[in-house]
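The values are calculated or read from the model by the stated rules, or taken from the named source; none is laboratory data. For clarity, every value in this text was computed on a predicted model and none was experimentally measured. Here the Cβ positions follow ideal geometry from the backbone for every residue, glycine too, while neighbour counts run over all protein chains shown. Note: accessible area is taken over every heavy atom of the protein model, side chains too, but ligands, DNA and RNA are not part of it. Shrake-Rupley method; radii C 1.70, N 1.55, O 1.52, S 1.80 Å.
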Amino acid sequence: TGMRLSECAQLELGDVFVVGRKTRAVIRSGKGGRYREVPLNSLVCQAIEEWLAERKEKYKGRAPATALFLNPQGKAMLPNSIYEVIRKIGRDCGLELSPHTLRHTCLTALIRKQNDVVLVADIAGHRSLNTTKRYTLPSVADKAKALEGLLEV
């Protein structure tokens with residue numbers, strides 16, 4: 001989704017809509033206290049539905065917190081716990097991962113798929129387009145491809 005770690009940690013069950021036409025996550029208090037809604041694609045909806053089923057079974061007979069993501073005790077996961085889970089998943093795959101790396105990758109991919117920078121800024125919760133423009137900067141590979149393209153006639 002490209003959301004910030006703190007925004008992810010603040011998600012409550014009532015903030016996520018995975019069924020119907022308008023699937024989305026509601027960010028009630030993003031950076032600067034700003035509200036926004038982030039659309040969820042079908043893969044994210046499927047993953048959340050699976051987690052909700054697992055969550056229901058895992059905490060059956062208990063009264064867990066209303067947070068979307070819970071620790072083993074049934075309390076809301078703190079941002080540093082989510083951070084460590086993502087780092088561990090990355091290590092298990094041989095990658096250096098962090099929540100910000102995932103956010104950066106998502107936003108860069110949106111830009112590279114020719115989405116409008118204003119749209120990407122809205123999804124990211126950026127107040128300024130200058131912040132989003134960082135994701136439009138060409139990589140070394142982009143520059144090399146452009147120069148190789150000169151050889152094609």
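Put Leu52, Leu97, Leu107 in order of accessible area, highest first, and with a 1.4 Å probe you get Leu52, Leu97, Leu107. On full extension, the segment bounded by Arg127 and Ser29 gains 33.9 nm, given 0.36 nm per residue less the C-alpha separation. Under 22 Å of direct C-alpha separation, and excluding same-chain neighbours fewer than eight residues apart, Lys133 reaches these lysines: Lys31, Lys113, Lys143, Lys145. The dipole here belongs to the chain: it is taken about the Cα centre, uses +1 on the Cβ of Lys and Arg and -1 on the Cβ of Asp and Glu, and is about 460 debye.
Extending 7 Å from the Cα toward the beta-carbon at both Cys93 and Val19 defines two label points whose distance is 2.9 nm. Using the Cβ-Cβ distance between Lys145 and His104 with R0 = 25 Å, the FRET efficiency computed as 1/(1 + (r/R0)^6) comes to roughly 0.75.
With a cut-off of 15 Å between beta carbons, the residues surrounding Gly30 carry a summed charge of +3, where Lys and Arg count +1 and Asp and Glu -1. In the chain, the calculated helix contribution to ellipticity at 222 nm averages -14000 deg cm²/dmol per residue, counting -39,500 (n - 2.57) for every DSSP H run with n ≥ 4.
May I ask you to list the aspartates and glutamates whose Cα is less than 14 Å away from that of Lys75, ignoring any residue fewer than eight positions away on the same chain? Of all the aspartates and glutamates, those that pass the test against Lys75 - Cα under 14 Å, at least 8 places apart if same chain - are Glu12. The mean accessible area for residues of the chain, using a 1.4 Å probe and ignoring ligands and nucleic acids, is 68 Å² per residue. Note on exposure: Val44, Val140 ranked by accessible area (1.4 Å probe, complete protein assembly) read Val140, Val44, with the most exposed listed first. Dipole orientation for the chain: of the candidates Ser139, Thr66, Asn41, Thr66 has the Cα lying most toward the positive pole (charges on Cβ; Lys, Arg +1; Asp, Glu -1). Accessible-area rank, largest first, for Tyr59, Tyr35, Tyr83: Tyr35, Tyr83, Tyr59, with all protein chains present and a 1.4 angstrom probe.
Model label points for Lys113 and Trp51, set 7 angstrom from Cα along the Cα-to-Cβ axis, are 1.9 nm apart.
If R0 is 25 Å, the Cβ-Cβ spacing of Ser81 and Thr136 corresponds to a FRET efficiency of close to 0.15.
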